[in-house]
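To keep things clear, I will list the structure first and then write my remarks on it.
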Amino acid sequence: MKLILASYSPRRKELLSKLNYSFDVIPAVCEEKSYSSAPLEIVKELACRKALDVYVRNREATVIGCDTVVDLDGETLGKPHSKREACEMLGRLSGRAHRVHTGVCVVSFRGVRLFAVTSEVEFYALDAGRIAAYVASGSPMDKAGAYGIQDSGFVADIKGSYSNVMGLPTEELGAILQTIKG
């Protein structure tokens, strides 16, 4: 099975490699704007758009498209556009619980498989200095909600999938890839 990850995310690449599949990386080139306002619908729509964008040029392959957002009381927090926005996001998440949704779309000759996984994450209370130091590192700029669970040290508790919070729910994806591999 030729497998393609339609994402340049180093975290998704790392997580997919742990499933012991060889794969290529071909990032999708499509608009990352959703027509929905519901966080779960947003991640599913964008995951499908990304997977289909790559699949139309690679029909012999199985293509995985993904999208992740942070959901703070129904408001979607994507990737920050500036350091100021990253600081604001982290300040809003400080000391609170939020949800992380990842949509995954797998497209192959067997059809389209679409799912979303939700994890609940609780942050420690963060002071302005800790937020500023993390933002200065540059790490939050390519991450939904302006943080990485693997490198921020902000997470007090998680209910659900750790890999989902990183951007690729490997448990569910692994099961789907097994059925396609047959």
Self-check item: Computed FRET value (nearest 0.05) for ARG96 with ARG59, which takes r as the C-beta separation and R₀ as 30 Å
Solution: 0.10
Quiz item: If the cut-off is a Cα-Cα distance under 26 Å, which lysines reach LYS44, setting aside same-chain residues fewer than 8 apart in sequence?
Solution: LYS2, LYS13, LYS18, LYS33, LYS79, LYS143, LYS159, LYS181
Exercise. List the relative contact order of the stretch 125-173 as a percent without decimals, with contacts defined as Cα pairs under 8 Å and 6+ residues apart.
Key: 21 percent
Quiz item: Across 10 Å bins from 0, what is the distribution of all Cα-Cα pair distances for the stretch 38-108, in whole percents?
Solution: 21, 38, 26, 13, 2
Quiz item: So what's the net charge close to ILE4: Lys and Arg +1, Asp and Glu -1, counting the other residues with Cβ under 14 Å from its Cβ?
Solution: +3
Quiz prompt | Over the chain: helical MRE at 222 nm, DSSP H runs n ≥ 4 each giving -39500 (n - 2.57), nearest 500 | solution = -10000 deg cm²/dmol
Quiz prompt | At q = 0.13, 0.14 Å⁻¹, base-10 log of I(q)/I(0) for the stretch 25-168 (Debye sum, equal scatterers on each alpha carbon) | solution = -0.57, -0.65
Quiz prompt | Disulfide-incompatible cysteines by the Cβ rule (no partner under 4.7 Å) in the chain | solution = CYS30, CYS66, CYS87
Self-check item: Contact order relative to length of the stretch 65-120, as percent, for alpha carbon pairs under 8 angstrom and 6 or more apart
Solution: 37 percent
Practice problem: May I ask you to list the aspartates and glutamates whose Cα is less than 19 Å away from that of LYS83, ignoring any residue fewer than eight positions away on the same chain? | Solution: ASP127, ASP142, ASP151
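All of the numbers you see were taken from the coordinates with simple rules; none came from a lab. Predicted model only: the values in this text are computed from it and were never measured. Here the Cβ is made from the backbone with ideal geometry for all residues, glycine too, and neighbour counts use every protein chain on show.
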